[in-house]
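Notes follow once the structure below has been shown.
The values are calculated or read from the model by the stated rules, or taken from the named source; none is laboratory data. This one's a predicted model, so the numbers in the text were calculated from it and none came from an experiment. Cβ atoms come from the backbone with ideal geometry, glycine included; neighbour counts cover every protein chain shown.
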Amino acid sequence: TNPSLLILPGDGIGPEVMAEVRKIIDWFGARRGIAFEVSEDLVGGAAYDAHGTPLHDDTMARAQSVDAVLLGAVGGPKYDVLDFSVKPERGLLRLRKEMDLYANLRPAQCFDALADFSSLKKEVVAGLDIMIVRELTSGVYFGEPRGIFTEGNERVGINTQRYTESEIARVARSAFELARRRGNKVCSMEKANVMESGVLWREVVQRIGDEEYPDVELSHMYADAGAMQLTRWPKQFDVIVTDNLFGDLLSDLAAMLTGSLGMLPSASLGAPMANGRPKALYEPVHGSAPDIAGQGKANPIACILSFAMALRYSFDLGAEADRLEGAVQAVLADGVRTADLMQAEGGSPVSTTQMGDAILAKLDAT
Ligand code: NAI
Ligand code: MG
């Protein structure tokens, strides 16, 4: 059967960047004979406008049945007044929760032509290609008890960091599996020096490594030291696996080693399906960018690279993913830039469509 993909363009620049991905999907069908079975549906504000809910039950069911979901972005000022229960973000949260996507993958990859964009020295980031795996469904953002309580004559704010062995084990497996497809190295980060959950985290990751992935090189680092090492010499890492809170901070830090929000893809993975591949949702890190929506200015690369991640991690098409990433690299090397990739001194930016076309032309040339 053909690989199946559900596309949810969403709101704002979501549909604009997704249109460029559609062209690339069509190219893979026409030129590489890879016929994706693509369906498209509404999410976020667009779904609310049509159905009064940010994610229709039918869409949820479809998301559960396909090999991968590719999402643009949700939200916008028009929907800010809505009740929390029907806000666009709730559509995305429902997808993540019901698909049980517990491993959030955030690559930090430096395209040589953009190395000047980094706030770090060029030699520190040139050629960088690392992956942060953040646990996404547990930890201190979800643990009970939580709340603001009264204690004596003052209030106390409480959150609880809580991880079960199975929650740690499953995200560790996601990281080891990824490492096998990349540089074969995992560094696990926690604060085992001051946190019980960190002690358990380290122990479980070590056990999964020893028993199931002895071929993958495993190291451990305290998360604060990890933050320092990420800015000092990020190329020492391949895959970093960490909890929800530390992953939130470290993935934002790592992302900015390499530049613009318009360049950053992500994936959220869950348990393996019958075909052995994980449940998966791919999406750019950026939002719906209402300030530039409808103007043809959006950079489609983050969404295109999210599709490249789908090729690699959901469809076992690593060589095709390399091909697509190579086309992006080549276009950037030619100096083709959307507005978000321009330095202050100028030059003339290309439109969303022109960037997509330039990438297609490079694909054609390979
Ligand atoms: P944003 O990521 O949409 O925009 C931040 C800034 O980056 C803006 O100046 C925007 O123009 C620029 N930008 C973002 N993506 C770009 C691209 N591909 N090309 C060129 N420039 C780009 O974040 P913001 O402004 O905080 O949120 C806007 C809306 O998006 C809100 O409704 C928010 O809730 C929603 N949002 C949705 C997310 C999602 O769907 N996963 C994630 C983050 C925000
Ligand atoms: Mg964050």
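Would you say L311 is surrounded by fewer than 18 Cβ atoms within 10 Å (Cβ to Cβ) and either within 19 Å of A108 (Cα to Cα) or within 16 Å of ligand 2 (Cβ to nearest atom) (or both)? Answer is no for this residue. Among the residues of segment 198-231, those identified as part of a helix (DSSP H, G or I) and touching a strand residue (DSSP E or B) at 6+ places or on another chain (Cβ under 6 Å) are G198, W201, R202, V205, G209, A223, G226. Pick from segment 59-76 the residues that are in contact with an Asp or Glu (Cβ under 8 Å, 6 or more places away or on another chain) and surrounded by fewer than 19 Cβ atoms within 10 Å (Cβ to Cβ): which of them is nearest to L95 (Cα to Cα)? It comes out as M60. Under the condition of being farther than 26 Å from R182 by Cα and of a type in the set (A, V, I, L, M), the residues counted in segment 308-364 number 9. Being away from ligand 2 (no atom under 14 Å from the Cβ), under 30 Å from R62 (Cα atoms), surrounded by 22 or more Cβ atoms within 10 Å (Cβ to Cβ) and at pLDDT 95 or above is the requirement here; does S288 meet it? Spelling it out, S288 is indeed away from ligand 2 (no atom under 14 Å from the Cβ), under 30 Å from R62 (Cα atoms), surrounded by 22 or more Cβ atoms within 10 Å (Cβ to Cβ) and at pLDDT 95 or above.
Only one of these is outside any helix (DSSP H, G or I) and without any contact (Cβ under 8 Å) to a residue 12 or more places away in the chain: V38, V81, V43. Name it.
On the way: V38 fails: without any contact (Cβ under 8 Å) to a residue 12 or more places away in the chain; V43 fails: without any contact (Cβ under 8 Å) to a residue 12 or more places away in the chain.
After applying the criteria, what remains is V81.
Return yes when A169 is closer than 20 Å to P278 by Cβ and among the aliphatic types (A, V, I, L, M) and no when it is not.
Against the criterion (closer than 20 Å to P278 by Cβ and among the aliphatic types (A, V, I, L, M)), A169 qualifies.
Report those strands (runs of 3 or more DSSP E) wholly inside segment 116-161 carrying at least 1 residues which are polar (S, T, N, Q).
Numbers: elements: 129-135, 143-151, 154-160.
Because the criterion is at least 1 residues that are polar (S, T, N, Q), the strands (runs of 3 or more DSSP E) in segment 116-161 that meet it are 143-151, 154-160.
Residues checked against (1) away from ligand 1 (no atom under 11 Å from the Cβ); (2) in contact with a strand residue (DSSP E or B) (Cβ under 9 Å, 6 or more places away or on another chain):
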residue: M60; (1), (2): yes, no
residue: V69; (1), (2): yes, yes
residue: P77; (1), (2): no, no
residue: F84; (1), (2): yes, no
residue: P88; (1), (2): no, yes
residue: L95; (1), (2): no, yes
residue: N104; (1), (2): yes, yes
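Give the residue that is farthest from ligand 1 (Cβ to nearest atom), with candidates limited to residues of segment 233-275 that are farther than 28 Å from A192 by Cβ and in a helix (DSSP H, G or I). Among residues in segment 233-275 that are farther than 28 Å from A192 by Cβ and in a helix (DSSP H, G or I), the one farthest from ligand 1 (Cβ to nearest atom) is M263. Pairs linking a residue in segment 256-283 that is at pLDDT 95 or above and surrounded by 20 or more Cβ atoms within 10 Å (Cβ to Cβ) to a residue that is acidic (D, E) and part of a strand (DSSP E or B), with Cβ atoms under 7 Å and 6 or more positions apart or on different chains, are S266/E283. Of the residues making up segment 297-332, those that are under 19 Å from L70 (Cα atoms) and in a loop (DSSP other than H, G, I, E, B) are A298, N299, P300, S314, F315, D316, L317.
Quick grid of which residues meet (1) at positive phi; (2) in contact with a helix residue (DSSP H, G or I) (Cβ under 6 Å, 6 or more places away or on another chain); (3) assigned by TED's automatic domain parsing to the domain that holds D248:
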| position | (1), (2), (3) |
| --- | --- |
| P77 | no, no, no |
| F84 | no, no, no |
| K87 | no, no, no |
| L105 | no, no, no |
| R134 | no, yes, yes |
| T137 | no, no, yes |
| E144 | no, no, yes |
| G152 | yes, no, yes |
